[in-house]
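Here's the structure we're looking at; comments come further down.
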Amino acid sequence: MPLRDAHNRIIRDLRVSLTDRCNFRCFYCLPHGEPPLARKETILTYEEIAYLCDIFVSLGIEKVRLTGGEPLLRKDVPKLVARLSKLKPNLKDLALTTNGFDFPRYAAELKDAGLDRVTISLDSLDREKFLDITGVDALDRVYAAIDAAKKFGFEPIKINACVVRGRNDDEVVNFARFARENSISMRFIEFMPLDSGHEWSRERVVPGREIHDAINAIYPLRLKESSRGSETAWKYEFADGSPGEIGIIAPVTEMFCGACSRIRLTADGQIRTCLFSTAEHNLRDLVRGGASREEIVEFIGNVVMKKEPRHYINDAEFVQPSRTMSFIGG
Ligand code: SAM
């Protein structure tokens, strides 16, 4: 029986954060300087992650995405990938989200280990702006990551850009051109209130519709499918048949909670049923306390029943979660 929540949504998608550490300091996520990090002993071991993923897959999870923090800061990620690959074919999709900084070093090993897909974050095509947004002068490393992803057969490659008014919204069309020239699936994500600096404001959100219209005016777009299922992105192709794809993820202005199929496991073993949850569920202590597999299954089933019907970003009483994306696992 697949995992189903109280609103009849089937849960197929698990995001697993491998670490809350990150080598970037994107202003919309982590603060500059040193954030408080989870103590090492609170972080799930690979043994524990593999065991829990085995249980999740037995409960109908089909997609696992490894994320963070920056997942590649954790040692031996290919070894974990190889273990998780054993859950195929019930596990249909094993993916990684990375800032790309260390990806070229591991690309071949990750491919061999069975990683299916990679998403690379890239918020500016301009070196100075990239530095300004991420705090790191590493645009060339991200380009190298994209090349490595191509070389080792991770196509189609997805690139995520978080669009923030006044910071990189003037680059949307350049990104579309980049997608065309490099056969990339370019995803634009609205800025969400998950930043540690609490700099988020509605004025800084660039609505997905505006992103679409800016690109469409220069490179006409055609919607690929009239329904997006449980996918977060509306996907468009270029009307002139050019390669590449545009995805628009608009959680703020076009909520898609009704079709949400995701839950998250934080690096310290907490289940989060929504990015904007204000409660977490301590799976780590249950496992470490010696719970049986049946007890863990029951716990997960009960937690999923508590999945929020929707997020409350647009409600007057919205409270921003205390943990940022880097802790939750983006
Ligand atoms: N370090 C990896 C990376 O850079 O892709 C994985 C973790 S990162 C938190 C995952 C994604 O979350 C990135 O694409 C980032 O742009 C996005 N993200 C983080 N904070 C966000 C926010 N406040 N609003 C929208 N997207 C955000």
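The values are calculated or read from the model by the stated rules, or taken from the named source; none is laboratory data. Since we're looking at a predicted model, the values are computed, not measured. Don't worry about glycine lacking a Cβ; one is built from the backbone with ideal geometry, like all the others, and counts go over all protein chains shown. Note: accessible area is taken over every heavy atom of the protein model, side chains too, but ligands, DNA and RNA are not part of it. Shrake-Rupley method; radii C 1.70, N 1.55, O 1.52, S 1.80 Å.
How high is the FRET efficiency from Asp126 to Tyr51, r the C-beta distance, R0 56 Å, rounded to 0.05?
0.80
For the range 264-320 and the range 71-136, what is the separation of their Cα centres, given in Å?
If you average the Cα positions of each part, the centres end up 24 Å apart.
Treating the angle as unsigned and between 0 and 90°, give the value, to the nearest 10°, between the Cα long axis of helix 103-113 and the longest Cα principal axis of the chain.
Result, in degrees: 50.
Counting pairs of Cα atoms in the chain, how many percent are more than 27 Å apart?
When every Cα pair of the chain is considered, 43 percent fall beyond 27 Å.
Report the FRET efficiency, 1/(1 + (r/R0)^6), for Lys88 and Asn216, where r is their Cβ-Cβ distance and R0 is 35 Å, rounded to 0.05.
That pair, Lys88 with Asn216, gives E of 0.35.
Counting other C-beta atoms within 10 Å, and keeping those with at most 10, which DSSP coil GluC sites (Glu not before Pro) do you find in the range 144-231?
Loop-located and lightly packed - Glu225.
From the phi angles alone, apply the Karplus equation (6.51, -1.76, 1.60; θ = phi - 60°) to the range 294-307 and give each ³J(HN,Hα) in whole Hz, x where the residue is Gly or Pro.
5, 5, 5, 4, 5, 4, 4, x, 5, 5, 4, 4, 8, 4
Given contacts defined as C-alpha pairs under 8 Å and at least six residues apart, what's the relative contact order of the chain, whole-number percent?
With pairs under 8 Å counted, the relative contact order is 22 percent.
For Asn174 and Lys150 in the same chain, what is the full-extension length gain: residue separation times 0.36 nm, less their Cα-Cα distance, in nm?
Here the segment from Asn174 to Lys150 would lengthen by 6.6 nm.
Counting only protein heavy atoms and a 1.4 Å probe, tell me what percentage of the chain's accessible area is made up of carbon and sulfur.
Carbon and sulfur together cover 51 percent of it.
Between exposed trypsin sites (Lys or Arg not before Pro) in the chain, where DSSP calls loop and at most 14 other Cβ atoms lie within 10 Å, what's the longest gap?
Within the chain, the longest run free of exposed trypsin sites (Lys or Arg not before Pro) spans 93-223.
Determine the relative contact order of the range 143-228: mean sequence separation of Cα pairs under 8 Å and six or more apart, normalised by residue count, in whole percent.
That works out to 29 percent.
In Å², what does the accessible area per residue of the chain work out to with a 1.4 Å probe?
It amounts to 43 Å² per residue over the chain.
Arg65's amide H: which non-local residues (gap 5+, or another chain) put their own amide H closer than 5 Å, with H modeled 1.01 Å from N in plane and none for Pro or chain starts?
Leu14, Arg15, Val16, Ala95
Rounded to whole Hz and in sequence order, give me ³J(HN,Hα) for the range 13-30 from the Karplus expression 6.51 cos²θ - 1.76 cosθ + 1.60, θ = phi - 60°, writing x for Gly and Pro.
The phi angles translate into 10, 10, 9, 10, 8, 8, 6, 8, 7, 8, 9, 10, 10, 4, 4, 8, 10, 9 Hz.
Could you work out how far apart the two model spin labels at Arg39 and Glu317 are, taking each label as a point 7 Å from the Cα in the direction of the beta carbon, and quote it in nm?
3.6
For the range 145-151, in order, what is each residue's ³J(HN,Hα) by Karplus, 6.51 cos²θ - 1.76 cosθ + 1.60 with θ = phi - 60°, in whole Hz (x at glycine and Pro)?
For the range 145-151, the Karplus-derived couplings read 5, 5, 4, 5, 4, 5, 4 Hz, x marking Gly and Pro.
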